[in-house]
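Okay, so here's the structure we're looking at.
The values are calculated or read from the model by the stated rules, or taken from the named source; none is laboratory data. Being a predicted model, the structure only gives us computed values, none of them experimental. Because the Cβ atoms are built from the backbone with ideal geometry, glycine has one as well, and the counts that use them run over all protein chains shown. We work out accessible area using only protein heavy atoms, side chains counted, and drop any ligands, DNA or RNA first. Shrake-Rupley method; radii C 1.70, N 1.55, O 1.52, S 1.80 Å.
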Amino acid sequence: MLPAVPEVLNLPFDAPLDPDEFVRAAMEWHFNPETGSPYWLERAPTLGFDPRADVRSHRDLALFPNVAAELRDVRVEDLIPRGYGPRPDVVGVFESGGTTGAPKRVVLLRDWLDRMLAWSNANLDAHGFGRGANWLGIVPTGPHIVGEFFRGSATTHGTHGFTIDLDPRWVKRLIAQGRGHDADAYAEHLVDQAECVLRSQDIGVLTITPSLLERVARRDDLVKLVNEKVRAIRWGGTRLDPDSRQIYRTEVFPGTVLCGNYGSTMILGMAGERPGLPPEGPCVFDAPGPHVTFSVVDPQTLRPVGYGERGRVLVNHISASFLLPNNLERDLATRIEPPAGRVGDSVADIAPVATFENETVIEGVY
Amino acid sequence: MTRPPGGLLPLDALGAKGPYRSQNRLTVADVTGEGVAELSLVPPLFVGRTVTALREASPPPPDERAALLTRAARLFATAELGGQSAEDYRHAVSRVGGVPISVVRTAAESVAARLSRVYESVQQARPTGTVNDWRDPLTRTGRGVWLRRGEVFAVHAAGNHPGTHSLWPEALAMGYRVAVRPSRRDPFTPHRIVTALRAAGFGDDQVALLPTDHDRADALLRDADLGLVYGGEDVVRKYAGDPAVLLQGPGRSKMLLTADVDWRDHLDTIADSVSGHGGTGCVNTTAVFVQGDPAPLCAALAERLAGLVGLPPQEEKAVLPVLPAAAARAVEAHLLHRAAGTRPWLGGDGVVDELGDGSAALRPAVHQLDRPDAPQAGVELPFPCVWVAPWTPRDGIAPLRNSLVLTAVTHDDRLLDRLVTEPTIGNVYTGDHRTYEMRPGLPHDGYLAEFLMRSKSVIRD
């Protein structure tokens, strides 16, 4: 008989709980030889501290090294906590985009997917997304986790999910090779496919990346179609700059709810846009804490920057199904105070650094 | 657009629905690093929507376009536009771009002069077999009609010299709607021209200013029908295969003096061609080829140019370009690196003249090459920097290729024949003409209209 998952790790997402008690329960679960994953149990003696004894609070998670890079090579079987027993309910194996080297791999377990969807559906409700609509998503159907979350959202919050497959790795490769025209053609191909679904089906929710949404906005007939049918647009995957966001909300899709998501495969989920933000302000994302928490830090010292200042996003994922503390993402964000009672930071204006002109070119006069 | 006391001048984007102030703004700093203006950068979504609006708009009738351009020229030269007087404008260009104020003043006058004569200039480029309008009586018996190849023309503007902005308004005369992406080094000139055009009566949906950050610069070219891009070798490589883009690449203007003339009679012309306008133009001389020993010419040229001293760009007597000191040091390091193996006559130990306020002037450089095909002869730098090489008729025209302007001082008509017919030489002047000489109606790098227009046969009953 296996030990049960401690209740504090499995409370409903909106139940009040003490984040430090939550962290202690997670340490006990992931580093107990009976319940922890082979990966973490093997890694524990090399940490230089005893997670079960020394990690007493959310703040103590900073003791952990960033092990994300190791997920490039770990056998996925070794990532599943033993406490899930011999037949864990695995939804799938997913990969990061591989922007910074070979892809990293994670395992998605059913209980975490259900928890994430419950949290995400509540956020959609708060934004006024109508339940029961058909969804159309231009998203990677694999190996990234977003396709799985899309299908889950579409069929739990909505009714049917229609997908157009987007391969972001191929787009990145085309751009890196200077084949911008090929990347354009691929993107237009995706929009063409989406148009077929939009014309023939009752689509109420569109899930799309900002760069594809911009292509949709360039086609007047498609803008008209979206405004006729689609009541809510959920965007994510890359940044949406504040100016574009305001233009969409006020000029392009004025009658449609626009709601952002910031997530990744390594987070095993996403943070939703805070409901009720003013159109001219920044887009703030609240993390589904205490399971997923953000800090905005100075990338050198890993110390938090001040509220309102910019830094790199550091992510902790702590659930019964998975543990990945102290993962420094490559995104830059503004640090924002979290909603009352939440641990960690909220983040705004996720973006790369702005550049205007290449400073290094010297030869020539222009 | 009012400027708060002591604050930054807001430079709004100028979209199809009027001025637009974005949340994403860039501080434009002068050569000392002090902020001068705040430029609104627009996202690709805004670019796309503006270009769509421009494409849907109809241009004013041709006569009216000519009148509006003339009116805009006057406003550009004299009016307060966007909260900026003509004097404030020239000062800002000088302080930010580091261009000597006298050069800015002359350039602004020439921009206005060319703007007022754009319509005639464009007509110079029209094939003689064509008419401007299909209603022309000549089409009754069949005639070529001169027509646009597209509707929206995008310009990635240059920032080295305000004079470069006298070219693109020609597209308006041809009935194009035009969107300009300014350079950070001089957003003021295109902002002022677009503002003047609008004040003169061009609709907001006829001409736009769309500043974007570097990563999104391609959005404008992608959305427009045809585009014009200024840049160095890297830009040429990037767009060389794109038939919708007209490139204004490196100038690499040159002079040639053969043995049948005495170069001493032309020393003023040579020195001016190198250093005039601050030496910042594509039409400034990059290399001089001389038949015979280059050393005496180098000595005389170095002596002439050595007298040019660094001053803050806004001072009346300033003649040299000024950059932030770190940028000037980078140019100097590049010069010294490229000059290895050549014989320095001026500037061999450096060209940076610190002005003590964080900025630095770039003083002239004269280097002697030992052969006409030395690679340095193609090194074009944004200050008075010249390479002097020996040349003999045996060397032929190969070293003179790839020139925007070539001034050949020679009596050898057979040589001139070859230079004039050489496709990689843009313009040929012979005799005592500075390489930067330009006049309205003369092609600068071909006529812009050769790219923007085509001829179509029309026959009607």
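Listing for the model above:
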| item | result |
| --- | --- |
| Cα-only Debye scattering, segment B:311-358: base-10 log of I(q)/I(0) at q = 0.14, 0.29 Å⁻¹ | -0.40, -1.10 |
| Residues with amide H under 5 Å from that of residue A:159, placed H, sequence gap 5 or more | A:132, A:133, A:134, A:135 |
| Share of alpha-carbon pairs per 20 Å distance bin for chain B, given as whole % | 24, 54, 21, 1 |
| Dipole-positive endmost among A:119, B:362, B:195 within the protein assembly as shown (Cβ charges, Cα centre) | B:195 |
| In Hz, Karplus ³J(HN,Hα) per residue of segment A:330-347 (6.51, -1.76, 1.60; θ = phi - 60°; x = Gly, Pro) | 8, 6, 9, 8, 8, 7, 10, 5, x, x, 3, x, 9, 8, x, 10, 9, 10 |
| Solvent-accessible area, 1.4 Å probe, carbon plus sulfur percent, for segment A:110-360 | 52 |
| Taking chain B and dividing mean pair separation by its residue count, relative contact order in percent (alpha carbons under 8 Å, at least six apart) | 18 |
| Unit Cα scatterers, Debye sum, segment B:253-430: log10 I(q)/I(0) for q = 0.09, 0.14, 0.17, 0.19 Å⁻¹ | -0.30, -0.70, -1.00, -1.21 |
| Solvent-accessible area buried by B and A, counting both chains, probe 1.4 angstrom, square angstrom | 3200 |
| Sites residue A:10 and residue A:188 - FRET efficiency at Förster radius 35 Å, r taken between beta-carbons, to 0.05 | 0.15 |
| In Å², nearest 10: area of residue B:456 left accessible to a 1.4 Å probe | 90 |
| Rounded Å value of the spacing that divides the Cα centres of segment B:5-71 and segment A:242-303 | 29 |
| Sequence-distant residues sharing a close amide H with residue B:368 (under 5 Å, placed H) | B:343, B:345, B:388 |
| Set of lysines near residue B:238 by C-alpha distance (under 22 Å), chain-local residues within fewer than 8 positions excluded | A:172 |
| DSSP bridge orientation in segment B:253-430 - percent antiparallel, rounded to nearest 5 | 30 |
| Anchor residue B:17: lysines whose Cα lies under 26 Å away (excluding residues fewer than 8 positions away in-chain) | A:224 |
| Probe 1.4 Å, all protein chains present, accessible-area order of B:174, B:438, largest first | B:438, B:174 |
| Relative intensity, log₁₀ I(q)/I(0), of segment A:11-118 from a Debye sum that treats every alpha carbon as a point, q = 0.12, 0.18, 0.21 Å⁻¹ | -0.48, -1.11, -1.38 |
| Magnitude of the charge dipole, segment B:9-249, Cβ model with Lys/Arg +1 and Asp/Glu -1, debye to 20 | 440 |
| In sequence order, calculated HN-Hα J values of segment B:20-30 (Karplus, 6.51, -1.76, 1.60; Hz; x Gly/Pro) | 9, 9, 8, 7, 8, 10, 10, 7, 8, 9, 7 |
| Total charge dipole magnitude, segment B:320-390, about the Cα centre, Cβ charges on Lys, Arg, Asp, Glu only, Debye to nearest 20 | 160 |
| Sites residue B:315 and residue A:238 - FRET efficiency at Förster radius 41 Å, r taken between beta-carbons, to 0.05 | 0.30 |
| Fraction of antiparallel bridges per DSSP, the protein assembly as shown only, in percent to nearest 5 | 50 |
| Sites matching chymotrypsin sites (Phe, Trp or Tyr not before Pro) across segment A:216-308 that sit in DSSP coil, with at most 12 neighbouring C-beta atoms within 10 Å | A:307 |
| Residue B:259-residue B:56 pseudo-label distance in nm [points 7 Å out on the Cα-to-Cβ vector] | 7.0 |
| Cα-based radius of gyration of segment A:110-360 once divided by 2.2 N^0.38 Å, which approximates compact folds | 1.00 |
| Cα pair distances of segment B:133-249 binned at 10 Å [whole percent] | 13, 42, 29, 12, 4, 0 |
| Mean residue ellipticity (222 nm) of chain A, computed from DSSP H runs ≥ 4 via -39,500 (n - 2.57), nearest 500 | -9000 deg cm²/dmol |
| Ranked order, B:230, B:176 - accessible area, probe 1.4 Å, largest first | B:230, B:176 |
| Rounded to 5, percent antiparallel among DSSP beta bridges of chain A | 65 |
| Choice from A:174, A:332, A:79 showing the highest fluctuation, given a GNM over chain A with Cα pairs closer than 10 Å | A:174 |
| Surface accessible to a 1.4 Å probe, per residue, for the residues of the protein assembly as shown, Å² | 41 |
| GNM result for chain A, Cα springs below 10 Å: residue of A:130, A:101, A:308 fluctuating most strongly | A:101 |
| Euclidean distance of C-alpha centroids, segment A:4-36 and segment B:378-419, integer Å | 79 |
| Relative contact order, percent, segment A:8-84 [alpha-carbon distance under 8 Å, six or more residues apart] | 37 |
| Distribution of pairwise C-alpha distances over segment B:9-249, 5 Å bins, in % | 1, 7, 14, 18, 20, 17, 12, 6, 3, 2, 1, 0, 0 |
| Between 0 and 90°, nearest 10: helix A:146-156 axis offset from chain A longest Cα axis | 90 |
| Dipole magnitude of segment B:51-94 about its Cα centre (Cβ charges: Lys, Arg +1; Asp, Glu -1), debye to nearest 20 | 120 |
| Stokes-Einstein D (µm²/s) once Rh is taken as the Kirkwood radius of the protein assembly as shown over alpha-carbon pairs, at 25 °C in 0.890 mPa s | 81 |
| Amide H within-cut-off set for residue B:385, under 5 Å, with H built and near neighbours excluded | B:365 |
| When the convex hull of its Cα atoms is projected in every direction, mean area for segment B:26-130 (nm²) | 9.3 |
